[in-house]
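Visitor: The structure under discussion is supplied below as structure tokens; questions concerning it will follow.
The values are calculated or read from the model by the stated rules, or taken from the named source; none is laboratory data. No experiment lies behind these values; they were computed from the predicted model shown. Quick reminder, even Gly has a Cβ in these numbers, built from the backbone with ideal geometry, and neighbours come from all protein chains shown. The accessibility values were calculated without ligands, DNA or RNA, using every heavy atom of the protein model including side chains. Shrake-Rupley method; radii C 1.70, N 1.55, O 1.52, S 1.80 Å.
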Amino acid sequence: MARGKSWLLGLVCAGAAGVLLFCSPWVGEGMRRGLAICATVMIPSLFPFLILSDFVARTQVGRMLERPLGGVAKHLYHCPPQLAPAILMSWIGGYPAGARVLAGMVEQKRLSPQDAGRALAFCVNSGPAFLVAVVGAGVFRSPGWGLFLFGCQLAAGAVTGRILCRRPVLVRGSDAGGTLPPAAGLVRAVSSATAGMLSICAFVLVFSALCQVLEEAGLLAAASRWLSRATGGVLTPGGASCLWAGLLEIGGGCARAQALPPGQGALVLPFLLSFSSCSVVCQLAACFGEQPVDSWLLLRARLLHGALTALLATPPLWRRFAAVPAMLTGRPVLAPGSGGLLGALCLMAMCAILLSTVEGDR
């Protein structure tokens, strides 16, 4: 068995080398698309939240948030109040922000990698700024539908956590002994968030290049036609292509959805946004470095979360948008500044918490 796996891995590596040698223009084009997504969406909207999530995990801010939000963590998610900062950051910061807080707790020995893996079941969702500006306004023509999707994700996340995390998540210690002073915490947070952002962008580039190679080789179109026939034409080849691309990298999937009739987005985006894509799953696992979480549990959680969100959100979206044609605005897809007012308000709220903590330590 082990020998067979080694041969299979060798064949995959040989195939990858062949693609890099003979399909380098396709790989380069995929990389350029990935760089565009990183520059216009990922870095502007995510990097500040990565800094804040690291700061929360390393300083007294995290302990301060446990008191007002501990009840939400305990009663809604059935988890210890100490996980409230991770839950809050997952709400406002998007996919990796909550995972960064959990990784900080693992580094401080307050949380085991196994318990962090269980907590990830309900600490991962798309951020509200992205859902409102890119998905709500860009795909469904109304920010309100982005907020609707956000609410469905939160409800599905709570149910996912209860189903998959039947064993309690144990947090060791509740004192502030492992925290850093604000100045040192900010320096560490910026340094750590920079490394994390580079890792996230690297995965976006890899999966964007893979998607481009599959598209240029005709495999993506063939799989899309097959899926369209399998659904009786309810999902068009364009909608199926959006689904396959989004399974690999969520930013590319959302970019394709903006060029489709919103009814097709209603069929694929609720699942995709909660599943988060293979790229994001790798990003989440990379947050924990040499102390990996249970990858199989993480994948099951993403699939279950996606299915529950689709169950909640797809029927109303389909009823509203099934007959609506594609929106041709000429607006750049995933344009810079997609965080908008909501992202700014979220960032200002977290900065207010940071400043109040610094003032209290003087």
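Visitor: Among (1) within 15 Å of Leu120 (Cα to Cα); (2) buried (at least 22 other Cβ atoms within 10 Å of the Cβ), there is one condition Leu299 misses while meeting the rest; what is its number?
Guide: (2)
Visitor: What are the residues in the stretch 51-96 that are more than 24 Å from Ala193 (Cα to Cα), open to solvent by less than 30 Å² (accessible area, probe 1.4 Å) and touching a residue at least 60 places away in the same chain (Cβ under 8 Å), if any?
Guide: Hits for the stretch 51-96 are Tyr77, Cys79, Pro80.
Visitor: Right, Gly185: closer than 30 Å to Pro44 by Cα, more than 20 Å from the chain's Cα centre (by Cα) and crowded, with 19+ Cβ neighbours inside 10 Å or not?
Guide: Yes.
Visitor: Can you report the number of residues in the stretch 53-85 which are more than 22 Å from the chain's Cα centre (by Cα) and outside any helix (DSSP H, G or I)?
Guide: The number of residues fulfilling the criteria is 3.
Visitor: Please name all residue pairs, on different chains or six or more residues apart, with Cβ atoms under 6 Å, provided the first residue is in the stretch 268-292 and is within 26 Å of Leu312 (Cβ to Cβ) and the second residue is open to solvent by less than 30 Å² (accessible area, probe 1.4 Å) and among the acidic types (Asp, Glu).
Guide: Ser277/Glu249; Ser279/Glu249
Visitor: Find the helices (runs of 4 or more DSSP H) located wholly in the stretch 94-193 whose residues include 2 or more that are in contact with a Pro (Cβ under 7 Å, 6 or more places away or on another chain), and list them.
Guide: Passing ranges, in order: 95-107, 143-164.
Visitor: Within the set of pairs 6+ apart or on separate chains, which have a first residue in the stretch 156-183 that is at positive phi, a second that is at pLDDT 75 or above and open to solvent by less than 80 Å² (accessible area, probe 1.4 Å), and C-beta atoms under 7 Å apart?
Guide: Between residues of the stretch 156-183 that are at positive phi and residues that are at pLDDT 75 or above and open to solvent by less than 80 Å² (accessible area, probe 1.4 Å), the close pairs are Gly173/Arg110.
Visitor: Taking the stretch 59-83 only, how many residues are small (Gly, Ala, Ser), touching a helix residue (DSSP H, G or I) at 6+ places or on another chain (Cβ under 6 Å) and within 18 Å of Gly161 (Cβ to Cβ)?
Guide: Within the stretch 59-83, residues that are small (Gly, Ala, Ser), touching a helix residue (DSSP H, G or I) at 6+ places or on another chain (Cβ under 6 Å) and within 18 Å of Gly161 (Cβ to Cβ) number 2.
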